[in-house]
Every structure is written in C-alpha cells, then in structure tokens.
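The values are calculated or read from the model by the stated rules, or taken from the named source; none is laboratory data. Since we're looking at a predicted model, the values are computed, not measured. Here the Cβ positions follow ideal geometry from the backbone for every residue, glycine too, while neighbour counts run over all protein chains shown.
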Ligand SMILES: Cc1ncc(COP(=O)(O)O)c(C=O)c1O
Ligand SMILES: Cc1ncc(COP(=O)(O)O)c(C=O)c1O
C-alpha cells in the first residue's frame, strides 16, 4: 500500500486508542467478516465533543482514519462534527489509496452513529442516519478503479 | 539454420558447378515457385558415371546437397547410383536440419531423373520413376516437426 | 536497507548471483533473435535450446515437451484454455480445487461464462484434496482436471500422483500448477501421470519473464498466443531468451541444492512455527505440519487482529511478509484458500504468511520471534474484538 | 566477433547501454513483487508506474491506458481476442490487411475457425492499404479493424490517421500494430483516432519480455491471461518489472533521439539502396521510397537467386541480415507480404532485408556494398534460371 506519511504516522502512533467507560455516545461500524470494525466513543459536554476514543480491528488505513477522526472531532460542536465528511478525514491524512477510501467512509459513519446514539439516548431530534448501517461491501463498491 | 560444417563447406565451395554441354542425362527437380530448382547433368561411359555437374536455385542446403550428390555419383555404375538415397546424401553431409531434409530428397530425385533421362534416350528399360515428379510441397510435407 | 529481512519468497525471489551473471551477456552482446538465420541468432538459439534441455532434465521430461511462456500465469491459462477444443466432443466439464491460484480460478470463471461447467473440490482442514472426492466428481463429460502441486498460501502438498492416476484411469487430461513446487520438491514426469505442468522462473531465483508449460507428447494443445513459428508454432512472440536462459540455470541450481536447502529451510520453518506458538496466544497454523508442507512456508492466523496491520509494522522494521497471496493483496476479501480450509472471515483476515528462502538465517527467525509478539500485543490492544 | 555487422534490427535489437544499466539493480536488489505490501514491493511499484507514465507520455496516452504484456505478439493477440465479446451483439466481421504480422494474421485465422469472418484488404505495389478499400469493406457487422502502422518487412508506413477516421465514423474499434514504428515514428494518441495500439520493447533497444497494449479509455477489453489483480485485473501474472522498467527508459530515449537518429539512418538507408541498384543488375526495391518508408528498412529482391544463400554468405562475412521476417525464417513459403505487393514466388524467394540501427555506420553500408554484389554474382553463376 502506498500510504502517505501522515497515514503511517497515525497508524504507528494512533491517537486516542481505548474505550470511554461512560461514553455519551458509541458508534460501531463494519463487521469482522468484512475485515473492518470501528468502535468510536465520545464524551459530550454542553454540545461539544470533549473526548473521543476508538478501538479498531482493521487494516492500516482503518486504524489511521479512526485515529484521525478522534483528533478531528475533539473540541467540535455536534453540528460541526456531523459535517465531517469521509473526504475530510482522508484529506486530513494526506489522502488514501483508492482501494482504501472505504475506510474513511467507515470512520465518518462511525462518528455519525456515535452522535446519533447520543442524540437518541438523550431524546434529541435525529437525522435520518439509518442508512449508515451499510455493509462493508457497499463501501467497497464505491471504490473506483 | 544449424548447418553442419560439411554442409557449409559444400555450400561455400560447391563442387562441380556448371552444365555439361552434351550431357548423357539431365535431371531437373523442383520449381521456382517452391524456392528450389536443381538441374543435374551426367556423363556416362560404359555404364559408369564419369562426370556430373549441377546448377541450383535454392537455399544453402539445396546447393550443398547438389554438390554432394555430384561427388557421390562420379565413378559409380548406374545401378549403384540409382541406389543413392536421400538419406545417404544427407548423411554424407553430416546431417541436415529437419526442415531441410526435403533438399536431400530433391537431390536424390534429380539424380534418378537424370539416369531415367539417359536410359530413356538410349532405349534402356526404365524403372517406375515417374513419381519422382513430386512438387516441392510433397517433399516439404514429409518433413517432421 | 541491507539488513532488511525478506520473508515473501512465495511471492517472488531475487535473481541469484550465479543466474544473474549467466544472463548478463545476453542483453547487449548475444541478443539475436533465436529464429534468425545468422550468427547472432544461432548463438542465442544454442543457449535457448540448452535451457530447454536442462529444464526438461530437471523434471523428467523431454526437451520437446517444454514450451516456454512469459510466466506461470500464462502457462496456467494456456494449459486450461489450450486443451478445450480438442476435447469438445467429449464435454464441457472441468474439475479443480477450491484452493487453486487465481491464475487457474479466474481462467475457469471466464470459461464458466462461456458455458463450461466447473466443479471446485473442497479441501480438508489442513488443505488437502481428497482423491475420493475427485473420483466422485468425475463425469462422462469431464475433460480436464487442474490441481496444484503445492499451495502458495498454506504450503499443502497435494497427492498429485494419486490424483493423476485417477485421471489417467478415466482418460481425463490432468494439469498441475507446479509454480510453487518446482525447484523445491522433486518432480519426475517420467513417472508422474501428469499431462500438463506449469512452472515459473521467478519463484526459484530465476528472472521474471520466463515460465514454462510441460505438454506431454501426444497431448493436443491449441495456441493461445499466436504469431511467428516459435515453440513449434504453438506460442508466438520473439523469445525472451535472456529470461529463459536464466530460468534454465536457476532450475538446475535449485534441483542440485534441493535436498540440502530443504533440510535447512524446513528447520527454520519449524523453529518459526514453534516459536510463534510459544510466544503468541490464540494463534493457529494454517496448512499441515511436517513433510506435506512446503519447507519454506509458514502461515498463521492471529486472532482479533487484521493482517495488513501486522505487515505494516513488520515492514517498518524491515521485515517483508505477506497476508495471503501477494496477488490478492489489493483485494478486500479474505483469502479463498483460508476460507476453504474452514476459517471464518474474521480469522482469515488475521493471517500472516512468512515464506522463507535461500538467504534467510536463524537470526532472521529470531528477529521475527522477537518483534512479532509485540506487534500482536499492540494491535490487539486496539482491537474491539479482544478482551485481553 | 566484434566487427560483425548487425543489419537485422527489425527482428530484434540489443539492449542499449543506458537501458541495461538502468535495469540492473532490479534483478537482485529491487526484485520485489510490485503487488506486495512491503518496502520491496513498494520500491518496484514506484518504478513500474513511472515506466507506465513515461510510455504513456511518449505516445500521447494516459498512464491508465497502458497495459503491460510480455511482447508485441501478446499485445496483438489480446487486442483482437479481447474486444470480441463486447461486440458480440454487433457481429463477427473483422477487417485487416494482407501484410500484417503473423501475430495478427494467425490470431485471425484462429478466429475464422471459430466462426468469425475476416476481410484481408489488399495493398498496392508499394505496400499501402487504400482507405477507400477499407470503406468498401466495412459492413454493418464489422466489429474490428486491425492495420499495422509500419510493415516489418518492407517498411511501408500506413495512413493510420485516415484509416482510423473511417473506423471512428463507422463506430468500429481500430487496432494498430505499432511494433515496428514505436520509437521510430511519432505517435500521438491524443490526436490519432486509434483505440488499441501494440508496442514491443525489444524493437527499440529495450529488453525482450516487455510489450504494451494501449487501450483507450472506454474501450471494453476482456482479459486473455487471467490471474492476480495486475493491470487492474485485466492481465494476470507477476509483473516482469525489470523488463517494463527497461522498456520505459528505452522508449524515452528513442523518442528523445528520434529526429536525429532518423535523419542519420535514413541517409544510410538511401545510400544502401542506391548503392545496391548501381552495383547489382536485375534487382527491385520492395516497399516505397522516401518518407513513407521506415527510415531503417531496406528490402530488395534479387532475381535468379534464393534469399537464404545470400544470408549464409553474408553471415560468413559477419553480416547479419534477414530474408523476410525473422519469424518466418523457419517457413518454406515465401513471405506473404512480398506476395501481397505482387511479387511472383520466384522473385519473392530472392528477397533480402537489411534493417539498420543505432550502431550502424557508413562503413557498414560500404562493406555491404562491397561484398553483396560478389555474393550475388557467385550465386547467380550457380543458378539454372540465370542466363548471365
Ligand atoms: C509488426 C510486428 N508486429 C508484431 C511483432 C511481434 O512482436 P514480439 O516479437 O514482441 O512478439 C513484430 C516482431 O516480431 C512485428 O514486427
Ligand atoms: C501456485 C501459483 N500458481 C501460479 C502463479 C503465477 O505465476 P506467475 O507469477 O509467474 O504468473 C503463482 C504465483 O504468483 C503461484 O503461486
């Protein structure tokens, strides 16, 4: 794989690995069958994400995007966080090989599901985020080439 | 082509090139379409071939076999000469590449036709040599590989 | 960079020094087209035919039974596609195994789209094809059986003698992909009931760009790449004589050194396997143990983590390994071979292949045993599946 | 042996020094499989993709339009066989010329046996395809036109721009065999209406073992050699990255030096042709004169004698030439190209091709002009056809 230095840095030294015991929102995406599982934990105070942690089973890009998404999200409002696209995650990493773009989707979706989880638990109005629950194969399909 | 030294010697220094003005027998085989023509001239005295010459249009093997057949035949009785097989010509040259074996056939046949021509002109009984008149393509076909 | 450790010999090998030196004059000096009628052509043809003879001798074949190709993949494609027409009256059924290389499997998939029917024999948990399964799968319209000699991912060596006998008894053409075994395992086609057999030079320290297909005398094969009169008109294209000449030298050396090399390398292999089992919990060996495993192949699945992560960490330490076949590395599905031996997707994703070679030493094994457990621990600590 | 004169560059060329040096580290040092996920793989992949880009730039293509093969022959076979399925609804008619290389002609003969219909366009006495003939030959069910850029035997350069436009207007896929022209004639696929184009490295001082097929974006092609995911899954087989990298360097240099080289070589060519005509009676030039002839090609027919004899005599003097295509040298029929331009069998048998290259000098031309007339005289004196 031709990973950028940034990807390799986040893979070798992932930020915010771990779980948050009493997380306000948890988002899980992917499944072991597909080779990628991301579990994202967020802590929210006054509508701002104050902490984020992840556990990921997956390739180098999956770990790097997980790491990057936690970095991007900490300090953001829920609204801002929701707007973080998979492209933003990939860009922040200096790009991803085409066959690995689905990992950034996974990361962005895991974030959105964590926010959804939080809103849901707290009776806040939720977006129509159900279609996040895509199997990895759908993500893989978007890969061009 | 992987020609033996003997073939190359006879090709580079062919023996008995030329015509015999008042030849007792002339045998011609092949045609220009096929890429090989051999014309063999023999002089016969008292049932013995005392001289032989050739003119050949054709590949290296065609020239070498022509040259060799003239060498083999000089001094032989007609009976002996008739028995010179294409294999004998090829063997005398140290062998021929498989795709060039037809040249030795051509040489042996030209010899037989020259003898036939002599016998015919002199009212001697002739062998059934008509099938000598094979086109080159028949000869080529016998080539294995 | 000189102290990198290469453990991906199943993907490709470096050209060894003796072969390299032997090939060198043929690029710039003896470069003639072997089909040409002049000294430049004759001199290359001589070496080309000598390589054919060497290769034939190495596998118990006759020189005229060796057809040169550009790779093992081409040989596999040709073997399969080339014999169909001659068998068209008999039928359109082909038998193979679930663990063949993609060169065979993808060729057969293409043929399925053209109306051929393919039976994919299962393998047992160690990766062996059962000859009884082959017997059961044979039909009146079966025209070809294609089973590999040794598997490139898990090293399982198939009973090709037995399988071949069954084909012979049933008058069915038998193709063997010997790309991983040539130069490593003895192959004697004088006694093996095999009709077609594929080789590839770059797997035994020869150059890339040369492969060969053994076609037993009497086996009718149609050309797949048509052109000039090369290879008796059956495989066109100016000979890559440099690579072919290198292939001859490489196979000659491999066969000469086979026994000694295998003894040394299988010892390293077992040290590696044993060492990993001692140091890493929840690990499984894919493929068999002992003599029925390629001497150079180690393949393990390490639970809770994914293979690429391991590769990247190893790579950062200068250790080159693979997770499944190199060819499938761009793919996202786990290896079909690992699924065929019964692994779940999850476990299959966590596989690691370490394939040893001539240059590897005990120190290399030690190094892997030193660093891999740490890498595994690190990756597991990130894994949501691991309850360490 | 060092003062041998090589005049068979149309058959194959030596790897030039710069290319050789460039390739060397990739055999033993940078040998990794470009598909592998480790540093050995990455370093070769980088150079492999750089070669793709270089080659694309040299012919006005995009990198992703370049597919690597093992040879020009493979590229020709693939181009033709690969597009059939995508066109199956439209028909089974293919148009080509009578003077294509056997890589094209024998492929089409095979297809004829499978139910395809092929029209072989005639050429005029200089060897040119007439665009009007193409127009007339096109039918509703025509799916492919394959015409070479420059002929390997007589050097005639075809009007591929005109022919391509006709194909484009009729929505027909156009394949061009540019094996003889690449690196010699400018090729700009940005402006040429060509869908598929074949190249071969060993014709422009690159190594044997590398070819390429340009496949214009949007042209649907099926794989002919299936296997791993190489070449976007369209051409399997471990990359022969060494040869491919050499090919990139070779084409780059050839294109850089094209103008200068052509000027020098076409001058030698014309000296050779003029000199032969001055010195040898009853001789004819095969192919055109001037700009529409490959700068390196001389092909003459010398009446009353047969080509092989000339080759052997020249060879004894250290001069390497050819009589028709090297690939057909094992054949016994005279060249189909010479017959197509209207030669009788007899005259065709007496043809001699002298193809010039980078290393040739005026001294080489002088030498040929010195010795060939004697050889001809000698052979004619033996010929029963000659009434000298
Ligand atoms: C016009 C032409 N096409 C195709 C080929 C075949 O190329 P290769 O020798 O690389 O297979 C050749 C040369 O042999 C050629 O001259
Ligand atoms: C078992 C097997 N068959 C076929 C191949 C294909 O050989 P090549 O890379 O020479 O095309 C390989 C290796 O890639 C292999 O391991």
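Would you confirm, using the coordinates I've provided, whether residue C:182 is farther than 25 Å from residue C:97 by Cβ and surrounded by 20 or more Cβ atoms within 10 Å (Cβ to Cβ)? Spell out how you get there, then give the answer.
Values: farther than 25 Å from residue C:97 by Cβ: no; surrounded by 20 or more Cβ atoms within 10 Å (Cβ to Cβ): yes.
The answer is no for residue C:182.
Evaluated against (1) buried (at least 22 other Cβ atoms within 10 Å of the Cβ); (2) in contact (Cβ under 8 Å) with a residue 24 or more places away in the chain; (3) in contact with a strand residue (DSSP E or B) (Cβ under 8 Å, 6 or more places away or on another chain); (4) within 30 Å of residue D:31 (Cα to Cα), residue C:4 falls short on exactly one condition, (1). Listed by position, the helices (runs of 4 or more DSSP H) enclosed by segment D:92-170 that each have at least 2 residues that are buried (at least 21 other Cβ atoms within 10 Å of the Cβ) and either away from ligand 1 (no atom under 16 Å from the Cβ) or more than 14 Å from chain C (Cβ to nearest Cβ) (or both) are D:160-169. Looking across segment A:98-110, just one residue is farther than 14 Å from residue A:63 by Cα and either outside any helix (DSSP H, G or I) or within 11 Å of the chain's Cα centre (by Cα) (or both), and that is A:109.
Hey, could you check segment C:81-94 for residues that are touching a residue at least 60 places away in the same chain (Cβ under 8 Å) and in contact with a strand residue (DSSP E or B) (Cβ under 6 Å, 6 or more places away or on another chain) and say which is nearest to residue D:225 (Cα to Cα)? Walk me through it before giving the result.
Of all residues in segment C:81-94, those touching a residue at least 60 places away in the same chain (Cβ under 8 Å) come to C:81-87.
From what's left, in contact with a strand residue (DSSP E or B) (Cβ under 6 Å, 6 or more places away or on another chain): C:83, C:87.
Details: C:83: 15, C:87: 21 Å.
Looking at residues that are touching a residue at least 60 places away in the same chain (Cβ under 8 Å) and in contact with a strand residue (DSSP E or B) (Cβ under 6 Å, 6 or more places away or on another chain), I get C:83.
Has segment A:68-86 got at least one residue that is out of contact with any helix residue (DSSP H, G or I) (no Cβ under 8 Å at 6 or more places or on another chain), within 12 Å of another protein chain (Cβ to nearest Cβ) and at pLDDT below 95? No, segment A:68-86 contains no residue that is out of contact with any helix residue (DSSP H, G or I) (no Cβ under 8 Å at 6 or more places or on another chain), within 12 Å of another protein chain (Cβ to nearest Cβ) and at pLDDT below 95. In the set (1) closer than 19 Å to residue C:224 by Cα; (2) out of contact with any strand residue (DSSP E or B) (no Cβ under 7 Å at 6 or more places or on another chain); (3) within 16 Å of ligand 2 (Cβ to nearest atom), the condition left unmet by residue D:243 is number (1). Is there a residue in segment B:113-126 that is under 30 Å from residue D:302 (Cβ atoms), surrounded by fewer than 18 Cβ atoms within 10 Å (Cβ to Cβ) and modelled with pLDDT of 95 or more? Checking segment B:113-126: not a single residue is under 30 Å from residue D:302 (Cβ atoms), surrounded by fewer than 18 Cβ atoms within 10 Å (Cβ to Cβ) and modelled with pLDDT of 95 or more. Scanning segment D:200-234 for residues being within 16 Å of ligand 2 (Cβ to nearest atom) and assigned to a loop (DSSP other than H, G, I, E, B) gives a total of 11. Just one of the numbered conditions (1) within 14 Å of chain C (Cβ to nearest Cβ); (2) under 30 Å from residue D:191 (Cβ atoms); (3) away from ligand 1 (no atom under 16 Å from the Cβ) is not true of residue D:250: (3). Among all positions in segment C:269-284, there is no residue which is more than 22 Å from residue C:384 (Cα to Cα), modelled with pLDDT of 95 or more, within 14 Å of another protein chain (Cβ to nearest Cβ) and surrounded by 18 or more Cβ atoms within 10 Å (Cβ to Cβ).
Would you confirm, using the coordinates I've provided, whether residue C:183 is more than 14 Å from every other protein chain (Cβ to nearest Cβ), in a loop (DSSP other than H, G, I, E, B), more than 15 Å from the chain's Cα centre (by Cα) and on the phi > 0 side of the Ramachandran plot?
Working: more than 14 Å from every other protein chain (Cβ to nearest Cβ): yes; in a loop (DSSP other than H, G, I, E, B): yes; more than 15 Å from the chain's Cα centre (by Cα): no; on the phi > 0 side of the Ramachandran plot: yes.
Judged against the criteria, residue C:183 is not a match.
The requirement of being away from every other protein chain (no Cβ under 14 Å), at pLDDT 95 or above and not in a loop (DSSP other than H, G, I, E, B) is not satisfied by residue D:192.
Assessment of segment C:215-236 against the conditions (buried (at least 23 other Cβ atoms within 10 Å of the Cβ) and within 23 Å of residue C:160 (Cα to Cα)) yields at least one matching residue.
Among the residues of segment D:25-65, those identified as over 15 Å from residue D:230 (Cβ atoms) and at the interface with another protein chain (Cβ under 8 Å from one of its Cβ atoms) are D:27, D:28, D:29, D:31, D:38, D:39, D:40, D:42. For segment D:209-232, a residue qualifies if it is farther than 16 Å from residue D:48 by Cα and either within 8 Å of another protein chain (Cβ to nearest Cβ) or at pLDDT below 95 (or both), and the qualifying residues are D:222, D:223, D:224, D:225, D:226, D:227, D:228. Apart from one condition, residue C:266 fits all of (1) closer than 26 Å to residue D:240 by Cα; (2) at pLDDT 95 or above; the exception is (1).
From the list D:110, D:98, the one residue that fits, being within 23 Å of the chain's Cα centre (by Cα) and free of Cβ contacts under 8 Å to residues at least 12 places away in the same chain, is D:110.
Looking only at segment D:271-293, which residues are under 18 Å from residue D:373 (Cβ atoms) and out of contact with any strand residue (DSSP E or B) (no Cβ under 8 Å at 6 or more places or on another chain)? Walk me through it before giving the result.
Step one: of segment D:271-293, the residues under 18 Å from residue D:373 (Cβ atoms) are D:271-285.
Once the filter is applied, which keeps residues that are under 18 Å from residue D:373 (Cβ atoms) and out of contact with any strand residue (DSSP E or B) (no Cβ under 8 Å at 6 or more places or on another chain), segment D:271-293 yields D:271, D:274, D:275, D:278, D:279, D:281.
Determine whether residue C:86 is more than 16 Å from ligand 1 (Cβ to nearest atom), outside any helix (DSSP H, G or I) and surrounded by fewer than 24 Cβ atoms within 10 Å (Cβ to Cβ). Taking the combined requirement at face value, the residue does not satisfy it.
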